[in-house]
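The values are calculated or read from the model by the stated rules, or taken from the named source; none is laboratory data. Bear in mind that the values here come from a model prediction, so they are computed numbers and not experimental data. No Cβ is skipped: glycine too gets one built from the backbone with ideal geometry, and neighbour counts run over all protein chains shown. When the accessible area is computed, the model is the full protein with side chains, heavy atoms only, and any ligands, DNA or RNA have been set aside. Shrake-Rupley method; radii C 1.70, N 1.55, O 1.52, S 1.80 Å.
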Amino acid sequence: AMFGDHTAPGANLESLWRSGRGAAGAAKSCQTGKISTAEAAVQAHTARDAAVQTDQSRDAVPDFQQEAQVDYGSLLAFLQRVEDAVIKELNKNWKSRAFDGFEVNWTDQNETVLCLHTLSYPKAQGQNLHVTSISWNATGSVIACSYGRLDDGDWSTEKSYVCTWNLDRRGLNPQRPDLVVDVPSSVMCLAFHPSQPSLIAGGLFTGEVVVWDTSRREDPVLWRTGMTDDTHTDPVYQVIWVPDAEPGAYGRLWSVSTDGKILVWREERDGRLSLTTGFAVVAQQVPRSTRLKKFTWGEAAVGITSLSFSPFDPCVFVVGVEGGCSLRCSMAAEALALPHPGGSVPLRAPAELAFSPQGGPVYSVSCSPFHRQVPRGHTANLFLSCGTDGQVHLHSLLQVDPLLSLQLSKQYLFCVRWSPVRPLLFAAASGEGSVHLVDLEKSSQKAALSLALGEGPVYCLEFNSRQPRLLAAGDAAGTVAVWQLSSDFTEQRPREMARLEQLASETMD
């Protein structure tokens, strides 16, 4: 063959460049040699302290807080000389009442009343539903309203709603509630739980009482009474949560109705509200001059429209009745009222005292959160009432006749509420579409300010006990207005409690 594979031996050439370079080269590094510098123009070569500091003397005391020299003899003579004058002034200040009721207010003063929000639910307004009740939750940031009908007609089968708005939420839409609960019957009243922000109770036109949990979006109904022999037979016009001594309990839920019954409910595990205690106001307990024509004999029930508890005696409460008067009642009553066929609990007769009749049905009562102590351990609580005569009546629980009557409207007054922070301030909702703020310190004859809501009647109003500057009201047009009150209506005056005591003392004269 001409060609064939062949491997030649390799050549080995040693590089002399690296060794030669290393031998001839000098040691190198990544740093340059030392650079000499000199200070010129802007800095001095030497420094010394001048003017601003002094050298510490070797003889100086190390601690600069040297002991003060006191002439104790002169000091004692001075104190003995001014002792009588100082004690006299201290006693004068101790007896002074110049700062009674004074509280430091770190918030900005607001001298005007502003309408912050006008809330509504268009679907309810499309059905011409009224705002029947409003309530603030335990945090004071969420407001709820119930929709129903308060005029003539059978509204037991008409659909209604419970709506809530969080006023602290960013991007609040006044015409889009945060929560809407559909209710098959007209909701006549509601009340948030005093400590559980998501629980709200309502009374229906059908006589049923329901508790909703607003945190449960899919099925908010938590408990309900159902239609049993214990359930009211007339519309429920007020529900109130009352604390319970039993630990872990939600408290007792009270309801009143024009069937004359006052019922007390508690929750059960199966989603029911069960009756624990019951009362009934009967015609024989009401003065003959105030009874309605249809209640003229026997043990017929008297319709109850409102209830308010005395905050200082848990056994005492006041109710307003259709007969045109208010009644002082006691939970300790033992006498039986109406026979209760089929009911699980016997109903007792709670009325102890009937106050002077008014010119028509009483729609609202409100006990004062302020009081005075009177001799022999009694408490002279005050309460307000209003109704179809257009007057607000100021009563004491100790006497029949009112202490004061104030004509605020030529039409009905549907609601009255005492201020939670000012002893002499209250608000009333009128059939003329206004909310009247009455400051008894300024005048006992007219309102200090009237807030217009609309042309239709204002059916309900509530102060915000957590945020006292907020006041809300609801009207027949389906609108809820929220106002920010000025400091005049939210800051207690120095002599305000003394004036309230003066009003209450008239009962002892």
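A few notes on this one:
- Test: Met497 is within 24 Å of the chain's Cα centre (by Cα), of a type in the set (A, V, I, L, M, F, W, C), at pLDDT below 90 and farther than 25 Å from Phe192 by Cα: yes
- Count of the range 391-430 residues which are of a type outside the set (S, T, N, Q), in contact (Cβ under 8 Å) with a residue 40 or more places away in the chain and over 20 Å from Leu500 (Cα atoms): 5
- Counted residues, the range 465-490 - those being among the polar types (S, T, N, Q), closer than 14 Å to Leu114 by Cα and outside any strand (DSSP E or B): 3
- The range 438-452, residues that are of a type in the set (A, V, I, L, M, F, W, C) and free of Cβ contacts under 8 Å to residues at least 60 places away in the same chain: Val438, Ala447, Ala448, Ala452
- Of everything in the range 213-242 that is assigned to a strand (DSSP E or B) and under 19 Å from the mean Cα position of the chain (by Cα), the residue that is modelled with the lowest pLDDT is Val242.
- Total residues in the range 420-457 satisfying the condition of being among the aliphatic types (A, V, I, L, M), assigned to a strand (DSSP E or B) and surrounded by 20 or more Cβ atoms within 10 Å (Cβ to Cβ): the figure is 8.
- Output for the range 458-481, where each listed residue is closer than 17 Å to Val421 by Cβ and either in contact with a strand residue (DSSP E or B) (Cβ under 7 Å, 6 or more places away or on another chain) or open to solvent by 60 Å² or more (accessible area, probe 1.4 Å) (or both): Leu461, Glu462, Phe463, Asn464, Ser465, Arg466, Gln467, Arg469, Leu470, Leu471, Ala472
- Residues that are in a loop (DSSP other than H, G, I, E, B), of a type in the set (S, T, N, Q) and touching an Asp or Glu at 6+ places or on another chain (Cβ under 8 Å) were ranked within the range 104-155; the one that is modelled with the lowest pLDDT is Asn105.
- The range 375-396, subset open to solvent by 10 Å² or more (accessible area, probe 1.4 Å) and either in contact with a Pro (Cβ under 6 Å, 6 or more places away or on another chain) or at pLDDT below 90 (or both), residue nearest to Pro311 (Cα to Cα): Thr379
- Residue tally, condition under 30 Å from Gly390 (Cα atoms) and either in a loop (DSSP other than H, G, I, E, B) or at pLDDT below 85 (or both), over the range 321-345: 4
- Selection status of Ala138, open to solvent by less than 20 Å² (accessible area, probe 1.4 Å), small (Gly, Ala, Ser), farther than 22 Å from Glu268 by Cβ and in contact with a strand residue (DSSP E or B) (Cβ under 8 Å, 6 or more places away or on another chain): yes
- Scanning the range 434-492 for residues that are among the acidic types (Asp, Glu) and over 17 Å from Pro174 (Cβ atoms) turns up Asp439, Glu441, Glu455, Glu462, Asp488, Glu491.
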